[in-house]
Amino acid sequence: MAAPVRTVISPSRYVQGKGAIHQLGDYLKTIGSTPLLVADDLVWGLVGHDVEASLKNAGLPVQRETFRGVPSAKEVDRLVGAIKSSGADVAVAIGGGSTIDAVKAAGFLADIRWANCPTVASTDAPCSALSVIYTEDGEFEEYRFFPRNPDLVLVDSQVVANAPVDLLVAGVGDALATWLEARATAQSNSNTMAGGLPTLTGTALAKLSWDVLWDNALQAVDAVRDHQVTPALDKVIEANTLLSGLGFESGGLAAAHAIHNGLTAVGATHGLAHGQKVNIGSVTQLVLEGAPASEIRDFVEFTTRVGLPNTLTEVGLSADDLDSLKTVADAATVEGETIHAMPFEVRSADVVSALASIERFSTRVRQEARLPEPVRYVAHH
């Protein structure tokens, strides 16, 4: 057996700033000469004009394929066909995590280069060398791993500021898990998504992501409500996208994302954002760890103020619906799931107990801090 190695992986280039989308063509030109742009109609309606102008200025042709909403195996195969018939040498995802995951998977299968232009800071998908593939109904199906990361990740801060605020909030939920999971992975010395043991770099970037969010998330959320780019927002975009992206991939995933994957197996949670479900996973992971009550209390208070769910009620579940909780827990603990990177054995029954216990704890913390009572989140379709 080969000796274990430590490794860190990252995109070739990361670009972020107000108005960055106007430079997309210049950066793409160094990667390929025939890009295929993939975006859904909503996103294209918002940024298509700027993207077209940028590519034309750089002397690149403009070809666009519509993304149909779910990064399923079928949609990926359809995009591979579109790439081949267009003669593209670089696939460019413009939109959120679903578009990005589909394009990375299609670009890999079509054997061309790929670039991402996220229009929201709602997940850490843009920088990674993997895609999350779902069934047509939106249930988690598999992770697909690729031999390299994107050639380019370009984020326009103003585009993110113009997007709905709940998308930034969801990104904070996804990114807060990064340190909790990297910390557990470092402790257990488990392998990461990068295909080796965690590096000091990956773990440190995960911690930096956490620190930046605790210092800036509330101001950043306010800035997006006013569609303004402020230093706090720029820091949070970087934390949600780059730091969390590198931190989860090279620092390691553990219980929080496994519980997210479990939650997708229950119909009640469909339509909730990835980061909303991940936040339930983070609180549950803290309970599984037996973390100090003060740490869990601080996390519940902070995430409530940011606007993230930390009770079952908010994601359409309840503590006494043990059948649904068992469905979640069974899916979260299947062989090969990232929950097994925790520094102790986690069984399905442990996850059920931890999930059931967050309801009363989080509700009491919110009452004591005079924060809003838990209310079911309305799923966005």
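The single condition from (1) in a helix (DSSP H, G or I); (2) closer than 21 Å to F140 by Cβ that P71 fails is (1). Answer with yes or no whether V38 is among the hydrophobic types (A, V, I, L, M, F, W, C) and buried (at least 16 other Cβ atoms within 10 Å of the Cβ). Criteria met by V38. Where strands (runs of 3 or more DSSP E) fall wholly inside segment 111-228, the ranges with 2 or more residues that are under 25 Å from G48 (Cβ atoms) and not small (G, A, S) are 113-118, 152-156.
The rows are residues; the columns are (1) outside the structural domain of M193 (by TED's automatic domain parsing); (2) in a helix (DSSP H, G or I); (3) touching a residue at least 12 places away in the same chain (Cβ under 8 Å).
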site: N261; (1), (2), (3): no, yes, yes
site: L272; (1), (2), (3): no, no, yes
site: S282; (1), (2), (3): no, yes, yes
site: S294; (1), (2), (3): no, yes, no
site: F299; (1), (2), (3): no, yes, yes
site: T304; (1), (2), (3): no, yes, yes
site: K326; (1), (2), (3): no, yes, yes
site: V352; (1), (2), (3): no, yes, yes
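Taking residues in segment 133-148 that are free of Cβ contacts under 8 Å to residues at least 12 places away in the same chain and under 17 Å from K104 (Cα atoms), and partners anywhere that are of a type outside the set (S, T, Y) and surrounded by 17 or more Cβ atoms within 10 Å (Cβ to Cβ), the pairs with Cβ atoms closer than 6 Å and at least 6 places apart or on different chains are E142/I133. Of all residues in segment 77-101 being part of a helix (DSSP H, G or I) and touching a strand residue (DSSP E or B) at 6+ places or on another chain (Cβ under 7 Å), which is surrounded by the most Cβ atoms within 10 Å (Cβ to Cβ)? Looking at the filtered set, the residue picked out is I100. The number of residues in segment 53-65 being surrounded by fewer than 17 Cβ atoms within 10 Å (Cβ to Cβ) and part of a helix (DSSP H, G or I) comes to 3.
Pairs are defined by a Cβ separation below 7 Å, a sequence spacing of at least 6 or placement on different chains, a first member in segment 69-97 that is within 20 Å of A129 (Cβ to Cβ), and a second member that is assigned to a helix (DSSP H, G or I) and of a type in the set (S, T, N, Q); the pairs so defined are P71/S98; A93/T99.
Tell me the residue from V315, V334, V351, V278 that is closer than 24 Å to E142 by Cα and either small (G, A, S) or touching a Phe, Trp or Tyr at 6+ places or on another chain (Cβ under 7 Å) (or both), please.
Only one candidate qualifies: V315.
The values are calculated or read from the model by the stated rules, or taken from the named source; none is laboratory data. Every value quoted in this text rests on a predicted model; they were computed, and no experiment measured them. Positions of Cβ are backbone-derived with ideal geometry, glycine not excepted, and every protein chain shown enters the neighbour counts.
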